[in-house]
1. Tell me, yes or no, whether the stretch 167-183 has at least one residue that is over 27 Å from the mean Cα position of the chain (by Cα) and more than 24 Å from residue 258 (Cβ to Cβ).
2. Within the stretch 452-463, identify whether any single residue is part of a helix (DSSP H, G or I), under 15 Å from residue 365 (Cβ atoms) and out of contact with any helix residue (DSSP H, G or I) (no Cβ under 8 Å at 6 or more places or on another chain), and answer yes or no.
3. May I ask you to verify whether residue 386 is free of Cβ contacts under 8 Å to residues at least 60 places away in the same chain and crowded, with 24+ Cβ neighbours inside 10 Å?
4. Looking only at residues in the stretch 483-497 that are more than 18 Å from the chain's Cα centre (by Cα) and at pLDDT 95 or above, which one is surrounded by the fewest Cβ atoms within 10 Å (Cβ to Cβ)?
5. Just to be sure, is residue 445 surrounded by fewer than 18 Cβ atoms within 10 Å (Cβ to Cβ), within 27 Å of residue 341 (Cβ to Cβ) and out of contact with any strand residue (DSSP E or B) (no Cβ under 9 Å at 6 or more places or on another chain)?
6. Please indicate, with yes or no, whether at least one residue in the stretch 126-148 is assigned to a helix (DSSP H, G or I) and in the same structural domain as residue 86 (by TED's automatic domain parsing).
7. For residue 268, only one of the following conditions fails: (1) part of a helix (DSSP H, G or I); (2) within 30 Å of residue 358 (Cβ to Cβ); (3) touching a helix residue (DSSP H, G or I) at 6+ places or on another chain (Cβ under 8 Å); (4) in the same structural domain as residue 377 (by TED's automatic domain parsing). What is its number?
8. If you take the residues of the stretch 311-334 that are within 14 Å of residue 436 (Cα to Cα) and in contact (Cβ under 8 Å) with a residue 40 or more places away in the chain, which of them is surrounded by the most Cβ atoms within 10 Å (Cβ to Cβ)?
C-alpha cells in the first residue's frame, strides 16, 4: 500500500515513502511500432486545440512510428505539455514547496523520456541517449518484449503520469487526465491489446523510476533534525505575516540527480553581519529599503511576475487570505513548454527538454538549499524592522527559509543555461506562464535575459539582498553548465526541428 502524508499548509510536506517494486533490467530488444490512422490523428488534434500553459490541460490520442507525420508528432508533444501542466496545477493545489516540486518534475520527466528510449533508433535515426548511468543511481529501464508492437508515445505519457501520481497529495486530478487520455485512444484505430500493452510498458518504466526515487534519501530529509531558530545576530528567524517555520532544512541530504554533491558549487560567502553604517552588509540592507521607497511601476511588475510563492498569506482588513501560485520550477517548466511549442518540437525533443530542465531545476534547488542552511542568513524584513522602520513590509511575502543565496536566482540561471543549450542564445519568447494567475505577458530576447530579470526581482520584491541574487545567479550558471556537460540527449538533434 502506498504511504501518503497529510500536507501542511505551512510546510507543504510531500509524502514520505515509496513501496518497493521489482527492479527489471534487460537489454533493449528489437520491435515494431504502430502508426495510428487518420481518425485517431483528428481526434488528437481536436482535443489539443484547447491546450494552454495556464489553463486546463488537454487529453487525447498518442502515436509514434517511422511514418509519423509532423502534425501527429506535434499533437503527441501537446499531450506531454498537458501532462506537465496537470502536474503543475496539482502541486499548486497541494501547496508543494519549491524543492519538493522540482523533485516531482525531475522524476516524472525522466520517466517520460526513458519510456521513449526503444523507439528513438527508428524515429530519430539513433538520436536518443538514455539517461541511465548519466544520472546518479539510475540504471536502464526494462526493455519491451521482443517481437511485440508498442505505442511508445502512450507509454511515455503513462510513465509520466504514473510517477507524477505517486509524487502528489491529490492524485485524482492526474488520474482523471489519464482516464480521458485512455478514452481518446479507445476512439481511434489502436487495437485494445496494443493499448494495454503500451500502458503496461509505461507503468513498468514508471515503477523502475519510482524504485530509483525511493533510494534518494527523501525520507531522511523529512525525518532529520528540525531547524533550530536562535537569537544570534544575523541568523534567520521566522518572518511576518505568517511567521512560518523553516521548510525543508535537510534538503541537502537528498541525492543529487547529476551533481557530485549538494555542496559542489558553493557560492562565495555572504558579507558578514554588521549594522555599522558603511559596512558591506549594512549597505546591502539599506539598498533593499531605499529601492522600496518607492518602487517604480516596472519594478513592481517584475517583482509580481516572478513571485512564484506557492503559499502566500495576505491581510485583508482583519482577515488573512492565502493565495497559491506555481513554484519557480513550475514557471521554468512552463517556459520549457513555450519553447517547445514555438519550435514545433516533436515528442522526443519535448520529452528530452523536459527531462533536462527538470533535472537541472532539481539539482539547482539542492545546491541552493545546501547554502541557505549553511549560511543561515537573516532576511531583509527582520533587519529593516529592527534598524530602519518597524512597520516596513516588502511587496512580496518573505518565504519561510534563510536568505542566502536566492534559490529563484539559482534555478533561473541554471534552467536558462540548459534551455540556451537546447534552443540557442538568442531565443526570443513571450512568457505567458503567469496569465492564469492574473499577471500580464512579458517578452524576453533570450532565456538568460529572463533569468536575470528573475534574479533582480527578488531585490525589488524586498525579500533578498543584491548579493543573494547576483551570487545565486552565478551559482546557478555553474550548476547549469555542469548539467549541460554531464547530461546528454544528443543535443544537435534536440536543438533542431
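The values are calculated or read from the model by the stated rules, or taken from the named source; none is laboratory data. A quick note: this is a predicted structure, and the numbers were derived from the prediction, not measured. Neighbour counts run over all protein chains shown; Cβ positions are idealised from the backbone, glycine included.
1. Narrowing the stretch 167-183 to residues over 27 Å from the mean Cα position of the chain (by Cα): 183.
With more than 24 Å from residue 258 (Cβ to Cβ) added as a condition, the list becomes 183.
Yes; the residues of the stretch 167-183 include at least one that is over 27 Å from the mean Cα position of the chain (by Cα) and more than 24 Å from residue 258 (Cβ to Cβ).
2. No.
3. Working: free of Cβ contacts under 8 Å to residues at least 60 places away in the same chain: yes; crowded, with 24+ Cβ neighbours inside 10 Å: no.
Against the criterion (free of Cβ contacts under 8 Å to residues at least 60 places away in the same chain and crowded, with 24+ Cβ neighbours inside 10 Å), residue 386 does not qualify.
4. The first filter runs over the stretch 483-497 and keeps only residues more than 18 Å from the chain's Cα centre (by Cα), leaving 485-486, 488-497.
This time we only want the ones that are at pLDDT 95 or above, so: 485-486.
Working: 485: 10, 486: 16.
Per the criteria, the residue is 485.
5. Working: surrounded by fewer than 18 Cβ atoms within 10 Å (Cβ to Cβ): yes; within 27 Å of residue 341 (Cβ to Cβ): yes; out of contact with any strand residue (DSSP E or B) (no Cβ under 9 Å at 6 or more places or on another chain): no.
So residue 445 does not fit the description; no.
6. Pass one, the stretch 126-148, residues assigned to a helix (DSSP H, G or I): none.
There is no residue in the stretch 126-148 that is assigned to a helix (DSSP H, G or I) and in the same structural domain as residue 86 (by TED's automatic domain parsing).
7. (1)
8. Pass one, the stretch 311-334, residues within 14 Å of residue 436 (Cα to Cα): 323-327, 330-331, 334.
Right, trim to in contact (Cβ under 8 Å) with a residue 40 or more places away in the chain and you get 324-327, 330-331, 334.
Values: 324: 16, 325: 19, 326: 26, 327: 29, 330: 27, 331: 26, 334: 22.
That would be 327.
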